[in-house]
Amino acid sequence: MRISDWAEEIKANIGRVIYGKEDVVEKLMVALLCRGHVLLEDVPGVGKTILARAFSTVIGGEMQRVQCTPDLLPTDILGVSIYNQRTGAFEFRQGPIITNVLLVDEINRATPRSQSALLEAMEEATITVDGIAVELPRPFFLIATENPVEFEGTFPLPEAQKDRFFLSVRMGYPALDSEKEILDSQRRISHPVSDLTPVSTSEAVVGLQNEVRSVKVDESLVEYILDLVDATRNDSRLKLGASPRASIALYTGAQARAALRGRDQVVPDDIDALVGAVLWKRISVNSESLLKGLTEERAIEEIVERIEVPPPRTAA
């Protein structure tokens with residue numbers, strides 16, 4: 001199956017549940033094809049959890065959900081070894097993280113100790129329990145949701161955690177015509193997401209992940225990516241610039257977006273379409289600029305406006 005054909009099936013099926021959010025769905029597909037993970041951040045009630053459930057259903061594979069609360073323990077996520085008196089040995093009871101798609105709902109309600117239980121899985125697709133490394137299924141895709149407007153009983157994500165998310169995405173309020181479709185869908189007895197069925201398999205997704213790496217990236221666009229990331233490190237208004245993970249995410253993400261749109265070559269628009277989602281949580285505005293009204297999103301926009309796209313190089 002071509003990646004673009006797979007993408008159309010995914011969009012068509014999720015579009016039966018999530019209305020008017022094709023761009024967000026595309027970003028989820030980009031992250032999945034790049035073996036990355038996604039942070040969905042927005043106000044309550046805009047469909048973050050429903051989108052995550054719908055996406056995990058249609059791509060196939062097993063899905064597990066973790067509802068984060070302050071009393072959540074790392075063992076509730078990873079699993080625990082329990083002594084079996086009958087056999088005289090410890091037996092590992094796996095946690096929900098051993099799955100293809102893990103939905104971590106309201107991640108900022110988990111304590112830092114529980115949040116840190118996800119770091120190894122997000123970076124290496126393995127976990128370590130009682131000194132034993134356990135490899136996670138392929139694909140392994142983590143979708144976390146976060147509510148940015150409530151601070152009581154929440155724990156801000158550390159920079160190391162935010163840097164491990166391939167993309168950070170805001171849902172945004174739906175347009176009025178899309179919200180009308182949402183209201184119309186509520187006339188049914190069952191929720192629309194319960195009627196979704198897989199249109200792919202985990203094996204097919206792994207094959208598509210490998211295929212993405214063959215998309216060509218012109219050397220001039222590689223330099224463009226490096227210039228964008230380097231600009232965040234040399235901007236006096238930012239106290240934290242983007243890490244090399246950002247460069248990798250822009251490079252591979254542009255490959256995935258090109259493939260999703262049926263192309264075997266990256267174009268500048270592929271990079272520009274992802275730069276905000278890649279850099280948003282990886283940079284931080286200093287306090288002085290913050291008081292002047294500068295946000296991370298606006299800083300990224302200004303960097304993109306300032307840096308010119310280099311012309312394609314021609315072979316000598």
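Taking 30 Å as R0, compute the FRET efficiency from the Cβ-Cβ separation of ARG298 and ASP130 and round it to 0.05.
Working: r = 47 Å, r/R0 = 1.56.
After rounding to 0.05, the efficiency reads 0.05.
Check each of the trypsin sites (Lys or Arg not before Pro) in the range 128-200 and keep only those in coil by DSSP with at most 11 other C-beta atoms within 10 angstrom; list them in order.
Numbers: sites: LYS162, ARG164, ARG170, LYS180, ARG187, ARG188; in loops: ARG164, ARG170, ARG187, ARG188.
Of the trypsin sites (Lys or Arg not before Pro), the ones in loops of the range 128-200 whose Cβ has at most 11 other Cβ atoms within 10 Å are ARG187, ARG188.
When N counts the residues of the chain, how does its alpha-carbon radius of gyration compare numerically with 2.2 N^0.38 Å, as a ratio? Walk me through the numbers on the way to the answer.
Numbers: Rg = 20.4 Å, N = 316, 2.2 N^0.38 = 19.6 Å.
Cα Rg divided by the expected 2.2 N^0.38 Å: 1.04.
Once you keep just the Cα pairs under 8 angstrom separated by 6 or more residues, what percentage relative contact order results for the chain? Could the numbers behind the result be given before it?
Values: 517 pairs, mean separation 68.7, N = 316.
Rounded, it is 22 percent for the chain.
So how do MET29, MET122 line up by other beta-carbon neighbours within 10 Å, fewest first? Write out the running numbers ahead of the final one.
On the way: MET29 23, MET122 19.
Fewest-to-most Cβ neighbours within 10 Å comes out as MET122, MET29.
Listed here are the pairs LYS11/LYS180; LYS162/LYS239; LYS48/LYS292; LYS11/LYS216; which of them are more than 27 Å apart at the Cα?
In this structure, LYS48/LYS292 lie more than 27 Å apart at Cα.
Would you work out which of ILE225, VAL66, ILE18 lies farthest towards the positive end of the dipole of the chain, given +1 charges on the beta-carbon of Lys and Arg and -1 on that of Asp and Glu, about the Cα centre?
In the chain, that residue is VAL66.
Within the chain, what's the longest run with no GluC sites (Glu not before Pro) in a DSSP loop and at most 14 other beta-carbon atoms within 10 Å? Give the range, please.
Details: sites that count: GLU62, GLU150, GLU152, GLU308.
Free of exposed loop sites, the longest segment is 153-307.
Among PHE55, PHE141, PHE90, which one shows the highest mean-square fluctuation when the chain is modelled as a Gaussian network with alpha-carbon springs under 10 Å?
PHE90
Between SER243, SER81, SER284, find the one with the highest GNM mean-square fluctuation for the chain; connect C-alpha pairs within less than 10 Å.
In the Gaussian network model the winner is SER81.
Length gain on complete extension for the stretch ALA89 to LYS239, per 0.36 nm per residue less the alpha carbon to alpha carbon distance? All intermediate terms of the calculation are to be shown ahead of the outcome.
On the way: separation 150, 0.36 × 150 = 54.00 nm, distance 5.10 nm.
Using 0.36 nm per residue and subtracting the Cα-Cα distance, I get 48.9 nm.
Is the C-alpha gyration tensor of the range 181-235 telling us rounded, prolate or oblate? Criteria: a/c under 1.5 is rounded; beyond that, a/b larger than b/c is prolate, otherwise oblate. List each step's numbers first, then the result.
Values: a/c = 4.54, a/b = 1.87, b/c = 2.43.
Oblate.
All of the numbers you see were taken from the coordinates with simple rules; none came from a lab. Bear in mind that the values here come from a model prediction, so they are computed numbers and not experimental data. Positions of Cβ are backbone-derived with ideal geometry, glycine not excepted, and every protein chain shown enters the neighbour counts.
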